Structures are given as C-alpha cells and as structure tokens.
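S.K.: Please find one structure pasted underneath; my questions will follow.
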Amino acid sequence: MTTGPPIRPKGQLLRILGIGFGIAVIIGGVIGSGILRTPGLVAAQLRNPGLIIAVWLVGGIYAFCCTLSVTELGTMLPRAGGWYVYSRRAFGDYGGFLVGCMDWITNVVATAFLAVAFGDFAAELQPSLHGSVKVVPVACLSALTLLNWLGLRAGSRTQELTSLVKTLALVAFVLACFVISPHSPPDAVAPLASLAAAREGLLLAVLVALQAVIITYDGWYFAIYFTEEDHDPARNLPRSSIGTVLACIAVYVLVNVALLHVLSMNKLAASQVPAADAAMAIFGGRGRQLILMLAMVSAISALNAGLMLAPRILFGMARDGFLPRWVAFVNSGGTPSAALLLNALASLALILNGGYEKLIALASFLFVGLYLSGFCALFVLRVREPGLPRPFKAWGYPWTNLLVLLASSAFLVATIVGDVKDALFTLILIALSYPVYFLVVKRKRPPASASDTLTVPPE
C-alpha cells in the first residue's frame with residue numbers, strides 16, 4: 001500500500017452545492033424510519049404524554065447544541081472529510097487517521113443496514129419479494145451507487161427530491177392524524193409519582209427513552225462532509241444546519257403529538273411501528289401500505305446521503321496521504337469514484353454475508369466517539385489556534401459545547417455499561433489501529449495544523 005505526503009487528486013471536487021442541498025442531506029440523515037418506530041419505545045418507558053414530549057424536546061435541544069459546535073468547525077475548516085478533518089487538525093495525524101477510520105466503518109455499516117431495511121420494507125409491501133432477501137438490497141445499493149457515479153449533480157438532485165418527498169409525506173401524515181381521525185379514547189396515564197415505583201425509577205426510564213431519542217436525531221451533522229463543494233460554506237452551512245435541525249425538532253414533536261392524538265397510551269406503548277398503527281386507524285387497511293412506502297422513501301434518502309458522504313471521508317484521507325493515492329481520484333462529474341466503489345463494495349460484502357449485524361453494536365460505540373472527537377477538537381482549536389478564521393462561532397460557547405460533551409460522555413458510558421462485551425471488543429480494535437497506522441503511513445508527517453492548506457475547489 002503506497003502512501004505519502006498530501007497529493008493533488010486527479011480531477012477536483014466541484015463547488016456547486018448550496019443551501020438547498022445542505023437542508024436535503026440533513027433531512028436525509030435525520031428523518032428516517034426511526035421516527036416511525038421510536039415513539040412506541042419512548043411511550044413504553046414513560047407512559048405520560050408530558051414526559052414523552054419533554055424527552056423529544058430535550059433530545060432536540062441536544063442535537064441543536066451539537067449542531068452549533070460542529071457548524072463552527074465546518075465553516076472554520078471547509079474541507080472534505082467531516083470529523084476526520086477536525087480531529088487531524090486538533091490531535092495530529094494519528095487522531096485524524098483513527099477518527100477517519102471510525103467514521104468510515106460506521107457509515108459502511110449504516111449503508112448496509114439501510115439497504116437491508118429497504119429490502120425488508122419492500123418485502124412487507126410486496127410479499128412475493130420475501131424470497132429475494134438479499135437481491136433487493138443489493139439491487140437498491142447498486143442502483144444508487146451507479147447514480148452517484150454519474151456525478152455530484154445526479155446524487156445531489158436525488159437527495160433533494162427524496163428528502164422533499166419524505167418530508168411532505170410525513171407532514172401530510174401529521175395533518176391527517178388531526179383532520180381525519182377522531183381523538184383516541186383516553187386511557188390510564190401513569191402519574192409521575194407512580195413511574196418510580198412501577199419501574200426501577202423515573203430517572204432510569206427517562207434515560208433509556210432519551211437514549212433512543214438521541215439516536216433518532218442522529219444525522220444532524222451530515223452537511224459538514226460537503227463544505228468543500230459548497231459555493232459559500234460560511235453562509236450556507238449555518239443556515240442549512242441550524243434551520244433544518246430546528247425544523248426536524250418541530251416535525252418530531254408534531255409526529256408524537258399526532259400519535260398521542262390517534263392512539264391510546266396503551267396501544268402506543270405496545271406498538272412496534274406506531275405510525276403504521278395510526279395510519280391504519282385513519283385510512284384502514286391501506287394505511288399500513290402508505291407507511292411502508294414512506295419508510296422505503298426514507299431508507300432510499302438516508303442511503304443516498306450515506307453513499308455521498310462516506311467517499312468524502314476516504315477522499316480526504318487519501319488526499320492527505322493516509323490511503324493509496326488512487327483513492328483520491330475524482331471523475332469528471334465531481335464524484336470521488338474510486339472511494340465510492342470501495343464504499344459500495346464493503347457495504348455489499350456486509351449485506352451478502354450478514355456481517356453488518358455483528359458490526360451494528362460496534363458502530364453504536366463509534367458514532368458517539370465521533371461526537372466526542374468533534375466537541376474536544378473545538379475546545380482544543382479555540383485555545384491553540386485562536387487566529388483561525390471563524391465565519392460562525394458557536395452560540396453560548398463554551399457552555400453549549402461543554403453541555404454536549406458531558407451529555408455525549410454520559411451516553412457513551414451508558415452504552416458501555418449496557419454492552420460491556422462489545423465495548424471491550426471496540427476498545428481492542430481502537431488499540432490495534434495504532435500499529436496499523438504505522439504500517440499504513442510509512443513516513444512521519446508534519447503536524448496537521450502546520451501542513452494543511454485550506455484550498456477551495458474551482459467552480
């Protein structure tokens with residue numbers, strides 16, 4: 001494996017994206033099938049409408065504060081690669097290499113999972129597809145890979161279209177819940193005082209529910225991977241990121257209010273897919289089919305977003321000399337095509353051998369680690385490089401950044417306690433990354449903060 005100093009890739013990323021794509025890719029990441037399922041899990045833990053809405057609001061505030069921190073990083077260092085870029089600048093070459101690998105593995109696993117989820121939804125909608133358990137996911141992933149291979153314009157237009165369709169469909173669902181369906185008959189609502197006695201404690205119930213909500217909000221940072229391809233990231237990233245996260249919070253709260261309006265608390269708490277049960281209450285037998293179609297569109301939108309951002313991680317690492325030079329190749333359409341092919345092949349391999357199921361637990365640890373790397377990087381760079389241009393500064397710094405750093409740390413600790421075996425396996429892999437780093441990176445490089453040049457790609 002040939003590595004070396006930073007290189008000029010063949011071809012260049014195209015600087016053609018704007019605020020519309022930033023909105024679309026965040027919606028693609030945040031609003032997925034999770035909002036169709038998670039409200040039932042949260043209701044089962046809390047069984048109180050006020051607490052349910054409060055938990056969704058708290059999760060939204062967490063995502064909002066996270067967005068403020070990462071938006072400062074993205075406008076300060078507008079380079080392809082996402083979390084890798086910030087960690088390398090703050091913690092040096094190994095820190096960047098480790099975070100880049102963590103980020104790419106997480107996205108490969110997520111891509112495989114989303115493709116399989118699309119196949120499951122398709123089989124539920126059309127039972128004749130049950131015999132094609134792996135054919136449908138492979139076909140879906142291959143088709144989207146080919147579409148993105150054509151170029152950035154094709155991939156970005158697909159993202160904008162699918163995100164628009166699923167957002168409008170979800171808003172229409174919320175409206176239908178209030179306009180068509182009568183209010184659900186009230187049933188016993190657990191008073192706050194009884195929750196602590198009925199469960200191991202009110203605090204534990206809230207923490208479990210909040211953990212599920214935070215995972216459902218994941219994707220708020222997707223726009224940072226494309227700042228190098230945005231024609232004005234200093235202006236567009238704050239507007240698209242902050243505005244879209246606030247809109248997602250509103251949509252998620254409204255979905256929960258709508259479900260509480262249609263379904264009784266007992267039915268909501270017992271439901272595996274509350275949105276499907278609510279749709280059946282409104283539209284009858286066809287309601288479930290409508291939700292399945294919405295889930296399929298959501299999966300395609302999230303899958304396309306993942307296929308677009310993951311190659312940018314490999315591209316950034318290869319351009320800086322941490323991966324073979326050919327991985328930094330960009331085709332005439334502005335797609336890092338070699339990196340896209342590697343990403344697709346890795347996800348296809350996981351689909352075909354079922355390996356993604358074993359790696360989901362690993363990814364659940366890694367994605368929280370990515371959050372922490374960014375929040376720590378913001379503190380480090382504020383102190384070490386106060387002179388860096390910062391078109392956007394995180395509101396409420398340092399308190400908002402400290403808040404999400406502590407909250408993410410608590411989330412990681414809770415995840416480790418809940419799955420010690422997989423946590424130890426993850427730590428072993430991280431430890432093994434250090435010798436791998438020296439095998440891959442043959443020569444010692446200068447510190448990232450001294451060697452990086454923030455070049456802007458041509459129009």
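S.K.: Can you tell me which residue among Val380, Val368 is aliphatic (A, V, I, L, M), open to solvent by 30 Å² or more (accessible area, probe 1.4 Å), touching a helix residue (DSSP H, G or I) at 6+ places or on another chain (Cβ under 7 Å) and outside any loop (DSSP other than H, G, I, E, B)?
M.R.: Val380
S.K.: A further question on this structure: How about segment 145-192: which of its residues are outside any helix (DSSP H, G or I), at pLDDT 95 or above and open to solvent by 90 Å² or more (accessible area, probe 1.4 Å)?
M.R.: Leu150
S.K.: Based on this model, can you work out whether Gly96 counts as under 19 Å from the mean Cα position of the chain (by Cα), surrounded by 24 or more Cβ atoms within 10 Å (Cβ to Cβ) and under 20 Å from Leu314 (Cβ atoms)?
M.R.: So Gly96 does not fit the description; no.
S.K.: Please work out which one of (1) within 30 Å of Arg319 (Cβ to Cβ); (2) open to solvent by less than 20 Å² (accessible area, probe 1.4 Å); (3) of a type outside the set (A, V, I, L, M, F, W, C); (4) at pLDDT below 95 is the condition Arg88 fails and give its number.
M.R.: That leaves (4) as the condition not met.
S.K.: Which of the residues belonging to segment 388-408 are in a loop (DSSP other than H, G, I, E, B) and within 21 Å of the chain's Cα centre (by Cα)?
M.R.: Ala394
S.K.: Of the residues Ala90, Ala122, which is assigned to a helix (DSSP H, G or I), under 21 Å from Leu352 (Cα atoms) and small (Gly, Ala, Ser)?
M.R.: The match here is Ala122.
S.K.: Kindly establish whether Asn266 is open to solvent by 20 Å² or more (accessible area, probe 1.4 Å) and in a helix (DSSP H, G or I).
M.R.: For Asn266, the condition - open to solvent by 20 Å² or more (accessible area, probe 1.4 Å) and in a helix (DSSP H, G or I) - is met.
S.K.: Can you report the number of residues in segment 125-142 which are in a helix (DSSP H, G or I) and open to solvent by 60 Å² or more (accessible area, probe 1.4 Å)?
M.R.: Residues meeting the conditions: 5.
For every residue, the table says whether it meets (1) in contact with a strand residue (DSSP E or B) (Cβ under 7 Å, 6 or more places away or on another chain); (2) free of Cβ contacts under 8 Å to residues at least 24 places away in the same chain; (3) open to solvent by less than 50 Å² (accessible area, probe 1.4 Å); (4) acidic (Asp, Glu).
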| position | (1), (2), (3), (4) |
| --- | --- |
| Leu341 | no, no, no, no |
| Asn353 | no, yes, no, no |
| Ser364 | no, no, yes, no |
| Gly387 | no, yes, no, no |
| Gly396 | no, no, yes, no |
| Ala414 | no, no, no, no |
| Gly418 | no, yes, no, no |
| Pro435 | no, yes, no, no |
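S.K.: Name the one entry in Ala223, Ala205 that is among the aliphatic types (A, V, I, L, M) and within 30 Å of Thr335 (Cα to Cα).
M.R.: Checking each option against the conditions leaves just Ala223.
S.K.: Tally the residues that are of a type in the set (Val, Ile, Thr) and open to solvent by less than 10 Å² (accessible area, probe 1.4 Å), restricting the search to segment 31-54.
M.R.: 4
S.K.: Now, a different point. For segment 310-367, name all the residues that are under 19 Å from Thr145 (Cα atoms), at pLDDT 90 or above and of a type in the set (Phe, Trp, Tyr).
M.R.: Phe315, Trp326, Phe329
S.K.: Working carefully through the options Arg15, Arg8, find the one that is surrounded by fewer than 21 Cβ atoms within 10 Å (Cβ to Cβ), under 22 Å from Ala338 (Cα atoms) and modelled with pLDDT of 95 or more.
M.R.: Checking each option against the conditions leaves just Arg15.
The values are calculated or read from the model by the stated rules, or taken from the named source; none is laboratory data. Because the structure is a prediction, the values reported are computed rather than measured. Neighbour counts are summed over all protein chains in view; Cβ atoms, including those assigned to glycine, are modelled from backbone coordinates with ideal geometry. Surface accessibility is based on the protein's heavy atoms, side chains included, excluding ligands, DNA and RNA. Shrake-Rupley method; radii C 1.70, N 1.55, O 1.52, S 1.80 Å.
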